[in-house]
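K.L.:
I'd like to ask you about the structure that follows.
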């Protein structure tokens, strides 16, 4: 396969690509990015094959606070319209869902830490996402949720949030949870988003999130399979 031109959108300095970056480098794909908070311009849609939209502590509705959200939303819509590969993670998935016409609103409870997602095995198999087992323990850090866009397929849900993953066609995937997060990335979230670590039935303490490094290895293996599936684009 020829090298793909992968572009990613970053919303805060402390949320990077995690395990995605090492996969891209190993594959030899070209990687570029836009730091949205730093008033950087997005590229031409024609100059990329694959868009990755990452997470962040802001809401999709925070355009008055983060003016760059307006241009970012337009760019995501343009990439979708052009049939590009698109992967949205957490806030990124919410932005992709909104770009496809779905609503995004606060979830009934914040979900932070390691919690299982139950996948619809039949739907995942039919849409080509067989790497998702029926139940998978994944890393979460979100307070909002997306509705499922018209024409998209719901793939998974958790006790705290009934909208955890969707696909739209063969090239677009939105994940409310994080498969890419490294232990270092989790520590950075804990450091920079301590104000979100209040009391709640689905909020874990830092000491619950960080032990057992094998959990990170497990989600990275699934992330690799997801990326390879999107890489082939069909």
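K.L.:
List pairs: first in segment 115-130 and assigned to a loop (DSSP other than H, G, I, E, B), second loosely packed, with under 13 Cβ neighbours inside 10 Å and at pLDDT 95 or above, Cβ under 8 Å, 6+ apart or cross-chain?
P.N.:
Short answer, once both residue conditions are applied: none.
K.L.:
Which of the following residues is out of contact with any helix residue (DSSP H, G or I) (no Cβ under 6 Å at 6 or more places or on another chain) and free of Cβ contacts under 8 Å to residues at least 60 places away in the same chain: 208, 157, 204?
P.N.:
Within the list 208, 157, 204, the selection yields 157.
K.L.:
Residues of segment 100-131 being surrounded by 15 or more Cβ atoms within 10 Å (Cβ to Cβ) and on the phi > 0 side of the Ramachandran plot, which ones?
P.N.:
113
K.L.:
Can you tell which of 163, 145 is assigned to a loop (DSSP other than H, G, I, E, B), within 21 Å of residue 56 (Cα to Cα), in contact with a strand residue (DSSP E or B) (Cβ under 9 Å, 6 or more places away or on another chain) and touching a residue at least 12 places away in the same chain (Cβ under 8 Å)?
P.N.:
Just a single option satisfies the conditions, and that option is 163.
K.L.:
Would you mind finding the one in 233, 169, 198 that is farther than 23 Å from residue 86 by Cα and at pLDDT below 95?
P.N.:
The conditions single out 198.
K.L.:
Name the single residue that is surrounded by the fewest Cβ atoms within 10 Å (Cβ to Cβ) among those in segment 166-192 being more than 25 Å from residue 50 (Cβ to Cβ) and touching a residue at least 60 places away in the same chain (Cβ under 8 Å).
P.N.:
If we take residues in segment 166-192 being more than 25 Å from residue 50 (Cβ to Cβ) and touching a residue at least 60 places away in the same chain (Cβ under 8 Å), then 191 is surrounded by the fewest Cβ atoms within 10 Å (Cβ to Cβ).
K.L.:
Report, by residue number, each residue of segment 55-99 that is closer than 14 Å to residue 169 by Cβ, part of a loop (DSSP other than H, G, I, E, B) and in contact (Cβ under 8 Å) with a residue 40 or more places away in the chain.
P.N.:
Selection gives 83, 84.
K.L.:
If we keep just the residues of segment 211-221 that are in contact (Cβ under 8 Å) with a residue 12 or more places away in the chain and surrounded by fewer than 16 Cβ atoms within 10 Å (Cβ to Cβ), which is nearest to residue 119 (Cα to Cα)?
P.N.:
Among residues in segment 211-221 that are in contact (Cβ under 8 Å) with a residue 12 or more places away in the chain and surrounded by fewer than 16 Cβ atoms within 10 Å (Cβ to Cβ), the one nearest to residue 119 (Cα to Cα) is 218.
K.L.:
Hey, another quick one. Quick check, is residue 52 in contact (Cβ under 8 Å) with a residue 24 or more places away in the chain, assigned to a helix (DSSP H, G or I), crowded, with 21+ Cβ neighbours inside 10 Å and touching a helix residue (DSSP H, G or I) at 6+ places or on another chain (Cβ under 9 Å)?
P.N.:
no
K.L.:
Within the group 70, 60, which residue is at pLDDT 95 or above and in contact with a helix residue (DSSP H, G or I) (Cβ under 8 Å, 6 or more places away or on another chain)?
P.N.:
None of the other options fit; the residue is 60.
So that you can scan it fast, the table gives a plain yes or no per residue for (1) within 19 Å of residue 12 (Cβ to Cβ); (2) assigned to a helix (DSSP H, G or I); (3) within 19 Å of the chain's Cα centre (by Cα):
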residue: 180; (1), (2), (3): yes, no, yes
residue: 187; (1), (2), (3): yes, yes, yes
residue: 191; (1), (2), (3): yes, yes, no
residue: 195; (1), (2), (3): yes, yes, no
residue: 212; (1), (2), (3): no, no, no
residue: 222; (1), (2), (3): no, yes, yes
residue: 225; (1), (2), (3): no, yes, yes
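K.L.:
Out of (1) at positive phi; (2) modelled with pLDDT under 95, the odd one out for residue 134 is which?
P.N.:
If we test residue 134 against (1) at positive phi; (2) modelled with pLDDT under 95, just (1) comes out false.
The values are calculated or read from the model by the stated rules, or taken from the named source; none is laboratory data. A quick note: this is a predicted structure, and the numbers were derived from the prediction, not measured. Heads up, the Cβs are rebuilt from the backbone with ideal geometry, glycines too, and the neighbour counts pull from every protein chain shown.
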